[in-house]
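Single-structure report; data block below.
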Amino acid sequence: MRPPSRTLLLAAATLLLGVLPAWHAARADDANPNPQVRVTTNMGDFLIEVYADRAPLTATNFLRYVREGFYTNVLIHRVVPNFVIQGGGYDAATQKLKPTHEPIFNESGNGLQNKRGMVGLARSVQPHSGNSQFYVNLVDNPDLDPVPTRWGYAVFGHVIDGMDVIDRIAETATGAVGPFKQDSPLKPVIVESMTIVPPAATAAPAPVVPKAPPPAADKAQSPK
């Protein structure tokens with residue numbers, strides 16, 4: 001296994017220096033150190049908890065794309081039953097790849113596993129080639145985890161609500177569509193938007209305290 005190149009390490013350092021201040025500012029206002037992102041699709045919504053504590057570089061990268069609005073109207077372009085759904089790179093209108101930031105260092109050694117509902121960073125065969133595309137595991141996929149002889153695929157989040165939506169997407173009929181030779185939904189599945197959920201929106205509701213009954217009205221002044 002070859003170590004990452006100096007150029008890649010410098011790119012990773014540049015990414016961290018450029019976006020970590022904003023990330024730390026966001027975390028300072030968040031009681032939960034792991035932000036949550038709502039993904040709105042044309043087939044329903046799901047909620048991702050982003051493990052910024054376990055995969056800081058990958059989480060920072062993903063949240064930067066979210067904040068920039070990159071994931072507005074992008075395709076879930078790959079659906080493989082009993083494996084994964086994948087998206088976050090192709091414009092829904094043009095079916096072309098959107099311009100991305102530089103690829104990031106592979107954090108697959110963070111201890112998080114590719115189990116059902118876990119969210120990972122898609123990449124090519126090159127271990128440090130991930131940028132904007134993500135996938136959701138439909139089942140446990142241990143073959144995507146790292147082993148001593150090869151890199152794995154970095155897990156950075158978990159679908160904590162809306163797995164029924166993920167499963168519905170997984171049942172979509174697929175085939176060859178446009179630039180995709182196989183496994184692409186015949187009816188487009190579109191990520192319409194992604195938003196970071198404010199802490200108050202995910203916190204447990206405050207207990208309801210019963211109000212004391214109002215004082216009895218003076219009968220002489222009550223309306224008939």
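Here, each number is a calculation from the coordinates, and none is a lab measurement. In this text the structure is predicted, and so the values were computed from the model without any measurement. With ideal geometry, Cβ positions are generated from the backbone for all residues, glycine too; neighbour counts draw on all protein chains shown.
Testing the spin-label approximation: label points 7 Å from Cα along Cα→Cβ at Ala176 and Arg116. State their distance in nm.
About 3.4 nm, to one decimal.
When a/c is below 1.5 the answer is rounded, else prolate if a/b is larger than b/c, else oblate, so apply that to the range 119-207 with a ≥ b ≥ c taken from the square roots of the Cα gyration tensor eigenvalues.
oblate
Take Glu107, Glu102 and order them by how many other Cβ atoms sit within 10 Å, fewest up front. Mind dumping the intermediate values first?
Working: Glu107 28, Glu102 13.
With the sparsest Cβ surroundings first, the list reads Glu102, Glu107.
Given Cβ point charges of +1 (Lys, Arg) and -1 (Asp, Glu) and nothing else, what value in debye, to the nearest 20, does the dipole of the range 6-199 about its Cα centre take?
520
Give the Rg (one decimal place) followed by the Dmax (whole number) of the range 6-199, computed from C-alpha coordinates and expressed in Å.
According to the Cα coordinates of the range 6-199, Rg and Dmax are 15.8, 46 Å.
Could you list Asp145, Asp167 so that the one with the fewest beta carbons within 10 Å of its beta carbon is first and the one with the most is last?
Asp167, Asp145
Enumerate lysine pairs in the range 6-199 that are 8 or more residues apart or on different chains, then count those whose Cα atoms are under 26 Å apart.
4
Test of the criteria: in the range 107-204, which trypsin sites (Lys or Arg not before Pro) are in a DSSP loop and have at most 15 other Cβ atoms within 10 angstrom of their Cβ?
Lys115, Arg116
Can you tell me how the range 158-202 classifies by the Cα gyration tensor, rounded, prolate or oblate, using a/c under 1.5 as the rounded cut? Mind dumping the intermediate values first?
Numbers: a/c = 3.88, a/b = 2.22, b/c = 1.75.
It comes out prolate by the Cα gyration axes.
Please rank His101, His77, fewest neighbouring Cβ atoms within 10 Å first, as an exposure proxy. Don't skip to the answer; put the middle values down first.
Numbers: His101 17, His77 25.
If I rank by nearby Cβ atoms, fewest first, I get His101, His77.
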